[in-house]
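Visitor: Dumping the structure here so I can ask a few things about it.
The values are calculated or read from the model by the stated rules, or taken from the named source; none is laboratory data. Just so we're clear, the structure is a prediction, and the values are computed from it rather than from any experiment. Cβ placement follows ideal geometry from the backbone for every residue including glycine, while neighbour counts extend to all protein chains displayed. What goes into the accessible areas is simple: the full protein's heavy atoms, side chains included, and nothing from ligands, DNA or RNA. Shrake-Rupley method; radii C 1.70, N 1.55, O 1.52, S 1.80 Å.
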Amino acid sequence: MKNTISKYYPLIPVFAAYLIMFIIGFFMPGMWQMVALLAFYCALGQSWNIFMGMTGYVDFGYVTFIALGTYGMSLGISYFSQFEWLGIGILVIGLILALFLASLSALLEAFIALRLRGAYFAIACIGINEGLRYFIEGAKIWGGSEGMIFFGALMQAFGKETVNQLTTFWADFSVFIIAALAAFLNMHYMRSKIGYALTAVREDEDAAKVMGINTTKYKTIAFLTSGLLGAGVGAMAWGLKLGHVYPGDVFVIHYTVECIVVVLLGGAGTLLGPVIGGLIYGLSKYWLAVIMPGFQLLIFAPIIIIIIVAAPEGVVGLLKRRLKGTQLEMFIE
Amino acid sequence: MPLLKLENVTKRFGGLVAVDKVSLEIQAGELIGIVGPNGSGKTTLFNVINGVYPPEEGKVFFDGKNITRLPAYKRAPLGLGRTFQIPRPFGSASVRENVAIGAMFGTLADKVSVDDSLEIADRYIELVGLEPHKDKEAGTLTPVEKKMMEIARALAMRPKLLLMDEAMAGMNPKDIDDMVKFLKRIKDEENIAIVSMVEHIMRAVAGLAERVMVMNQGAKLIDAKTEEALTDPRVVEVYLGHPTDKSKWRSEVWKEGKDWDE
């Protein structure tokens, strides 16, 4: 029994980091906004890393899931806010719709794109993302290119006070929950047969098949998990928090690139990596935006290049090597 | 009932017939060698047996079940293990994890947990003598160690039939003898049939297999007792070439000490 618990020790530093972030944001005035931004990057990195870190497949179209999650929540609020008796159930419906849309698209993408490898997979995912965006705009579904504005509907259903609390606290708080959930699922997968199967897939997919591993099944599990968590982040941090959605704002590859940066900075395939990467990226982006607004990308690009060249395994990769053979080893994964 | 039965298996790559109407029966617990020069279709035959690609014609039966169209990952749990000519370890995982992956998805797949698999792995790592390298990344092993690790990984699958692709290529005579002894031992201990594929190291074949199938240009040339097969004139011809009239004439010329062009 002790053995089983000690396998999950690497979750301790991750949860500790999230808890400290939460406490800082909650009790220090004026910090909540920044902490929420950090949690957003940590959650996205952690979710994206479940698929990329474990399988080695780089999903450039990951933002599709975040966008569909946003749309799910937006649809839920827009269409169900008229039923006032639903109360908070409106948001539950929104979240269910978000997860439904994301899993639909994840399974479809898994069916089409997971047959491809390497660059072809990445390109197919970008294609699906762009295709979906232009489909929504062109077919004029869900408001077409004008999107949906449902802040008014939200106000009507919950009243000013509650909406204020929902958008400024609970939306961000749920991002924390999703980040922690992502970390737990990632850890659980790493320690189960899924993790071993995906290690085999990452290293040599054909040999894995010969070893009796149903590669498609395990890849789909990781893809779906990663996508659903992303949809959760989208539903809360974009949908509920902002009260509007435009296809041009959400189907943007830029956000996938941010996921990649966060994960590579921290360490791909590690548990703590996305947290550290999310903190470094989020903090420096926030800080650079304050001291040199408009120049942050110009400064950030070379910093990223330097870190990736100097530490290809990310910060946690370095840390793991440092701690090898010490007592602390079992806390870092 | 034979453990593995091939019926007129043919595999083509475009116009090239890589495996040409090969039939073969292997009994449970048997040790058989498949021999043939480079390009004779041995590896392709292996790939057809364990499902890397389906044959164009013919049928493959395993344990009485038609597995001709079964995908590779469904064959391993039935009891088909395999090692590769060039070892294919899961490089970033440790030796222990590699071998555990074998146990996890082999014939015991539904019965063992991750912890059980790691225990099974320890046993087979000890069997192949990789104990000191247990926690090393598999990618950092030497080629021979990688081969031993692959054997441990395949054995941990608890197969009924183990396909070994050039297990002894690149080894020195002493290592080959050790390997032959080792394979015979595990065959009896684990009660598995072994098909060992060998390109040209006759030392390995002669010591190992009771029965040999010789392949040439995709087709089965002979399937007989080892001694019989290796001394068969057709087999000698495949390896050493046909004694043409010209070469005979040349050797006579040579003996008489005459000039070549005469």
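Visitor: Applying the selection to region B:24-52, what residues are under 27 Å from B:E227 (Cβ atoms), open to solvent by 10 Å² or more (accessible area, probe 1.4 Å) and within 14 Å of chain A (Cβ to nearest Cβ)?
Guide: The one that is under 27 Å from B:E227 (Cβ atoms), open to solvent by 10 Å² or more (accessible area, probe 1.4 Å) and within 14 Å of chain A (Cβ to nearest Cβ): B:T43.
Visitor: What residue, of A:G94, A:G53, A:G45, A:G61, is of a type in the set (G, A, S), farther than 26 Å from A:T215 by Cβ and either open to solvent by less than 20 Å² (accessible area, probe 1.4 Å) or modelled with pLDDT under 90 (or both)? Step through it out loud before you land on a result.
Guide: Details: A:G53 fails: farther than 26 Å from A:T215 by Cβ; A:G45 fails: farther than 26 Å from A:T215 by Cβ; A:G61 fails: farther than 26 Å from A:T215 by Cβ.
None of the others qualify; the one that does is A:G94.
Visitor: Can you tell me which residue within region B:49-76, out of those that are within 15 Å of the chain's Cα centre (by Cα) and free of Cβ contacts under 8 Å to residues at least 40 places away in the same chain, is nearest to A:A207 (Cα to Cα)? Before you say what the answer is, go through the steps one by one.
Guide: If we filter region B:49-76 for residues that are within 15 Å of the chain's Cα centre (by Cα), which is where we start, we get B:49-52.
Adding the requirement that they be free of Cβ contacts under 8 Å to residues at least 40 places away in the same chain leaves B:51-52.
Working: B:G51: 11, B:V52: 10 Å.
The residue in question is B:V52.
For every residue, the table says whether it meets (1) of a type in the set (V, I, T); (2) more than 16 Å from A:M148 (Cβ to Cβ).
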position: A:I50; (1), (2): yes, yes
position: A:S78; (1), (2): no, no
position: A:S81; (1), (2): no, no
position: A:L97; (1), (2): no, no
position: A:F100; (1), (2): no, yes
position: A:R115; (1), (2): no, yes
position: A:I128; (1), (2): yes, yes
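Visitor: Look at region A:180-238 and say how many of its residues are away from chain B (no Cβ under 14 Å) and not aliphatic (A, V, I, L, M). First the steps, then the outcome.
Guide: Step one: list which residues in region A:180-238 are away from chain B (no Cβ under 14 Å), which gives A:180-186, A:221-238.
In the following step, the residues that additionally are not aliphatic (A, V, I, L, M) were identified as A:184, A:186, A:223, A:225-227, A:230, A:232, A:234, A:238.
Number of matching residues: 10.
Visitor: Just to check your reading of the model, which residue among A:A208, A:A231 is in contact with a helix residue (DSSP H, G or I) (Cβ under 7 Å, 6 or more places away or on another chain) and without any contact (Cβ under 8 Å) to a residue 12 or more places away in the chain? Please lay out each step first, then the result.
Guide: On the way: A:A231 fails: without any contact (Cβ under 8 Å) to a residue 12 or more places away in the chain.
Result: A:A208 is the single residue among A:A208, A:A231 that is in contact with a helix residue (DSSP H, G or I) (Cβ under 7 Å, 6 or more places away or on another chain) and without any contact (Cβ under 8 Å) to a residue 12 or more places away in the chain.
Visitor: Looking for whichever is farther than 30 Å from A:G266 by Cα and assigned to a helix (DSSP H, G or I) here; the options are A:S74, A:S47. Which one fits?
Guide: Working: A:S47 fails: farther than 30 Å from A:G266 by Cα.
None of the other options fit; the residue is A:S74.
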